[in-house]
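First comes the structure, then the notes that go with it.
Quick note: the coordinates plus some simple rules give every number you see, no bench work behind them. These numbers come from a predicted model, not from an experiment. Counting neighbours? That spans all protein chains shown, and the Cβs are built from the backbone with ideal geometry, glycine included.
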Amino acid sequence: MAGRGKLIAVVGDEDTVTGFLLGGVGELDKHRKPNFLVVEKETSLAELEETFRSFLNREDIGIILISQCLAELIRHAVEAHSRPLPAILEIPSKEHPYDPAKDSVLRRARGLFTPDDLR
């Protein structure tokens, strides 16, 4: 990856992933593996978790955007990730609005600061 930045990976429903792909996020690595997963009704929980874990282990990925409703399905894997990179950001989807109370990264960040730090 010398001389290149890191990629953004996207895990979400078709509309969410398509929006990011139209914005230029889509890439294939040297093994022809994409940096995105469109989750449909037929997508198994095992496939979702396996893809998420593969994104965590890829050296070329710096940020993983995952629809919050999907992060809830694999919450144990999301919360087990403790390295700074790739950063995991939970995002809303068309059908499911963002709920900050469910975001494990936001909960961890809140624990780093006291209310006085934010004034």
Amide H partners (placed H, <5 Å) of Asp13, local residues excluded: Val39
Segment 48-62 - phi-based ³J(HN,Hα) in whole Hz, Karplus 6.51/-1.76/1.60, Gly and Pro as x: 4, 5, 4, 5, 4, 5, 5, 5, 4, 8, 7, 5, 8, 9, x
What nm value, rounded to one decimal, do you get for the distance between Ile63 and Glu14 when each label is placed 7 Å out toward the C-beta? 2.6 nm
Using the Karplus curve 6.51 cos²θ - 1.76 cosθ + 1.60 with θ = phi - 60°, what ³J(HN,Hα) values do you get for each residue of segment 94-103, in whole Hz, with x for Gly and Pro? 4, 8, 10, x, 6, 10, x, 5, 8, 7
Low-density loop positions, trypsin sites (Lys or Arg not before Pro), segment 21-95 - DSSP coil, at most 15 other Cβ in 10 Å: Lys30, Arg32, Lys41, Lys94
In sequence order, what are the phi-derived ³J(HN,Hα) couplings for segment 8-14 according to the Karplus relation 6.51 cos²θ - 1.76 cosθ + 1.60 with θ = phi - 60°, rounded to whole Hz, with x for glycine and proline? 9, 9, 10, 10, x, 6, 4
Using helices alone, what [θ] at 222 nm do you get for the chain, with -39,500 (n - 2.57) per DSSP H run of 4 or more residues, divided over all residues and rounded to the nearest 500? -10000 deg cm²/dmol
